[in-house]
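*Asks:* Structure in structure tokens, see below.
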Amino acid sequence: MNDDHSGLRFLSALGLGVADLTGEGATVAGGRAELSLENLDLLDRADLVVMGTFGDDLQEDLESQSLYQSLDAVQEGRVVVLDPALTTALNTPTPLNIPPLLEELGPVLDRLSA
């Protein structure tokens, strides 16, 4: 994945790496990976899944999928779904929006590091 994306640099500064899904059924571009529903199982490779949303309908549709619900990452609480404001903050981290991002990511990062 392209590590020039500011959100990836932010996550890297927190000590997180990025799963390489290139050639694995994901479309990877601009610091993001897009997966079709049938490839959601690729998310189980990650210790932490950070997903950005820009609409409640899309999030609700995803969360209603049995394949999504069956993912280890979901069942173990290793998924953080960011609302539109935090998705924008992750895309362009600034001194003003980093604290809310850390507040959202902190509990999961604490659990993973324990």
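*Asks:* Using the Karplus curve 6.51 cos²θ - 1.76 cosθ + 1.60 with θ = phi - 60°, what ³J(HN,Hα) values do you get for each residue of segment 87-104, in whole Hz, with x for Gly and Pro?
*Replies:* Result, rounded to whole Hz: 4, 5, 4, 5, 5, 9, x, 9, x, 7, 9, 5, x, x, 4, 5, 4, 6.
*Asks:* How much length is gained on full extension from residue 44 to residue 111, taking 0.36 nm per residue of separation minus their Cα-Cα distance? Don't skip to the answer; put the middle values down first.
*Replies:* Details: separation 67, 0.36 × 67 = 24.12 nm, distance 1.67 nm.
Computed gain between residue 44 and residue 111 is 22.4 nm.
*Asks:* Equivalent ellipsoid semi-axes for the chain, as square roots of 5 times the alpha carbon gyration tensor eigenvalues: give them largest first, rounded to whole Å.
*Replies:* Numbers: eigenvalues 88, 54, 45 Å².
With the √(5λ) rule applied to the chain, the semi-axes are 21, 16, 15 Å.
*Asks:* What are the chymotrypsin sites (Phe, Trp or Tyr not before Pro) within segment 7-114 that DSSP puts in a loop, where the Cβ has at most 15 other Cβ atoms within 10 Å?
*Replies:* In loop regions of segment 7-114 (DSSP not H, G, I, E or B), the sparsely surrounded chymotrypsin sites (Phe, Trp or Tyr not before Pro) are 54.
*Asks:* Now, a different point. Using a Förster distance of 22 angstrom, determine the FRET efficiency expected from the C-beta separation of residue 97 and residue 76, and round it to 0.05.
*Replies:* Working: r = 27 Å, r/R0 = 1.25.
Plugging the Cβ-Cβ distance into 1/(1 + (r/R0)^6) gives 0.20.
*Asks:* In deg cm²/dmol and to the nearest 500, what is the mean residue ellipticity at 222 nm of the chain if only DSSP H runs of at least 4 residues count, each as -39500 (n - 2.57), divided by the residue total?
*Replies:* Working: 6 runs with 49 residues, N = 114.
Counting only the DSSP helices, I get -11500 deg cm²/dmol.
*Asks:* With a Förster radius of 22 Å, plug the Cβ-Cβ distance of residue 16 and residue 88 into 1/(1 + (r/R0)^6) and report the FRET value to the nearest 0.05.
*Replies:* Values: r = 19 Å, r/R0 = 0.88.
Step by step, r from the Cβ atoms, then E = 0.70.
None of the figures in this text is laboratory data; all of them are computed from the coordinates on show. This structure is a prediction, so every number in the text was calculated from the model and none was measured. Here Cβ is always computed from backbone atoms with ideal geometry, including for glycine, and neighbour counts include all displayed protein chains.
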